[in-house]
Structures are given as structure tokens and as C-alpha cells.
1. Out of the stretch 5-45, which residues are surrounded by fewer than 16 Cβ atoms within 10 Å (Cβ to Cβ), closer than 22 Å to residue 170 by Cβ and out of contact with any Ser or Thr (no Cβ under 8 Å at 6 or more places or on another chain)?
2. Would you confirm whether any residue within the stretch 44-52 is farther than 22 Å from residue 166 by Cα, of a type outside the set (D, E, K, R), in contact with a strand residue (DSSP E or B) (Cβ under 9 Å, 6 or more places away or on another chain) and modelled with pLDDT of 95 or more?
3. Does residue 62 meet the test of being buried (at least 22 other Cβ atoms within 10 Å of the Cβ), within 12 Å of the chain's Cα centre (by Cα), of a type in the set (A, V, I, L, M) and over 17 Å from residue 173 (Cβ atoms)?
4. Restricting attention to the stretch 26-76, which residues are among the basic types (Lys, Arg) and either under 18 Å from residue 182 (Cβ atoms) or in a helix (DSSP H, G or I) (or both)?
5. Which condition number in (1) in contact (Cβ under 8 Å) with a residue 40 or more places away in the chain; (2) of a type in the set (Asp, Glu); (3) more than 19 Å from residue 151 (Cβ to Cβ); (4) buried (at least 17 other Cβ atoms within 10 Å of the Cβ) is the one that residue 48 fails?
6. Condition check: assigned to a loop (DSSP other than H, G, I, E, B), under 18 Å from the mean Cα position of the chain (by Cα) and in contact (Cβ under 8 Å) with a residue 12 or more places away in the chain. Does residue 99 satisfy that?
7. Do we find that residue 147 is more than 16 Å from residue 180 (Cβ to Cβ), among the small types (Gly, Ala, Ser) and not in a strand (DSSP E or B) in this structure?
8. For the stretch 152-202, what are the residues that are small (Gly, Ala, Ser) and either within 20 Å of residue 53 (Cα to Cα) or modelled with pLDDT under 95 (or both)?
Amino acid sequence: MMANSMAPRTATVRRETRETRVELALNVDGSGHGDVNTGIGFLDHMLDSLARHARFDLTVRAEGDLHVDQHHSAEDVGLALGQGLNEALGERRAIRRFGDATVPLDEALVLVAIDLGGRPWSSIDLPFRGAAIGDLPTELIPHFLQSLAQEGRFSLHVRLLAGENDHHRAEATFKALARALDDATRHDPRLGSQVPSTKGVI
């Protein structure tokens, strides 16, 4: 079976706890359309950027205990997106598996490297100067990324190489992640329907 004959790589996720309710639809082979409403404006902006530059179609609706803080909502959206990515990729046959991107945004420069090899790991060196960007505490950005990698079953490395402005640091990160995901999730026609691992499974 050739890669171009494989089933559509889509997923729907509903995650509901006492603290949040998240509904998500993901099409890995989309056109970059984002329709996101998490109740956290800056997180919406970052997820829209992620969808656009990864060429994913992504719909997210989240309701959470924002009267407490943004932690539960940001974390559970990250977990739901990871679950969706894992579901959409399935056995991960014929994907390129590895991806990396170094993306500038004005003075900021961020490197992101990923391995969709099935083993969750995150190493994130992404300092911020301020306590929040808009309505999103900056400490939740690495936590969101860790949650995404955990449930997405992939290895994620993030390095801030340059940058003074927190908004630019964050946006360059999500754009670099998007480009790395776009690369790693692409089909490699040379693989046919093989899993890109010496183990034969991911």
C-alpha cells in the first residue's frame, strides 16, 4: 500500500474533567485553518499560528475554571491536542518521523526539534522575562508544550537562541514547532507503508 492511498489522518477528542471541557478536531493533512476558542486569548493566537504553519486544520472549543486561573485549561488543551495528534497518526506508517525548524521573529530566534518515535520526552529551554503575555502566564507555555509531547508520544526539544520580547519568543516557538510537525508528519513515498523504525512499530 502506497502512502498516498492511506486513510485520512484525522481525530476528534473530547476531554472532560471537573475543571475543564475540551472538544477538538484535527486534520493533519489540512490547509492550515484554525478555529480556536479556549477562553485564553493569547493561547488561541498561538494555536491558530500552529495550525496555519503546520498546515493542520484545527478546531478547539474549551471551557474551564478560568475564575481560578488558566492552568487547567492550558494543560488540558495541550493534552487533548497531543491525544488528537497521536490518534490521527495511528501506527505512524510512512511518516518522515523527525523534524526540526529554526524560526526567527524579529529579534527572537527559536529552535525546535521533534521525533515522532512514540516515546514522550520534553526538554524545554525557553525563558521569559515577564509573568504573563496577555492573559496567559508565561510559565504555562512550557507546561503546555510538555503536555502536548506527553500525550502526542513524541520527543520535543526547544531552545531559545535569541530574543528580548516575550511575545516574539513565544510566537517563534509555536511557529518553529509547527514547521517541525509539518516536516515530521509528512509521508515519505520511499517507505511505502513501512513504520520508520528498526523495531517495526512505534
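The values are calculated or read from the model by the stated rules, or taken from the named source; none is laboratory data. Please read all numbers here as calculations on a predicted model, not as lab measurements. Virtual Cβ from ideal backbone geometry, glycine too; neighbours counted across all protein chains shown.
1. Listed by number, the residues that qualify are 33, 37, 41.
2. So the first thing to find is which residues in the stretch 44-52 are farther than 22 Å from residue 166 by Cα, and the list is none.
No, the stretch 44-52 contains no residue that is farther than 22 Å from residue 166 by Cα, of a type outside the set (D, E, K, R), in contact with a strand residue (DSSP E or B) (Cβ under 9 Å, 6 or more places away or on another chain) and modelled with pLDDT of 95 or more.
3. Working: buried (at least 22 other Cβ atoms within 10 Å of the Cβ): yes; within 12 Å of the chain's Cα centre (by Cα): no; of a type in the set (A, V, I, L, M): yes; over 17 Å from residue 173 (Cβ atoms): yes.
For residue 62, the condition - buried (at least 22 other Cβ atoms within 10 Å of the Cβ), within 12 Å of the chain's Cα centre (by Cα), of a type in the set (A, V, I, L, M) and over 17 Å from residue 173 (Cβ atoms) - is not met.
4. The initial filter retains those residues of the stretch 26-76 that are among the basic types (Lys, Arg), namely 52, 55, 61.
Those that are among the basic types (Lys, Arg) and either under 18 Å from residue 182 (Cβ atoms) or in a helix (DSSP H, G or I) (or both): 52, 55.
5. In the conditions (1) in contact (Cβ under 8 Å) with a residue 40 or more places away in the chain; (2) of a type in the set (Asp, Glu); (3) more than 19 Å from residue 151 (Cβ to Cβ); (4) buried (at least 17 other Cβ atoms within 10 Å of the Cβ), residue 48 misses (1) alone.
6. Numbers: assigned to a loop (DSSP other than H, G, I, E, B): no; under 18 Å from the mean Cα position of the chain (by Cα): yes; in contact (Cβ under 8 Å) with a residue 12 or more places away in the chain: yes.
No: the conditions fail for residue 99.
7. Working: more than 16 Å from residue 180 (Cβ to Cβ): yes; among the small types (Gly, Ala, Ser): yes; not in a strand (DSSP E or B): yes.
Taking the combined requirement at face value, the residue satisfies it.
8. Taking the stretch 152-202 and keeping what is small (Gly, Ala, Ser), we get 152, 155, 162-163, 170, 172, 176, 178, 180, 184, 192-193, 197, 200.
Once the filter is applied, which keeps residues that are small (Gly, Ala, Ser) and either within 20 Å of residue 53 (Cα to Cα) or modelled with pLDDT under 95 (or both), the stretch 152-202 yields 152, 155, 170, 172, 176, 178, 180, 184, 192, 193, 197, 200.
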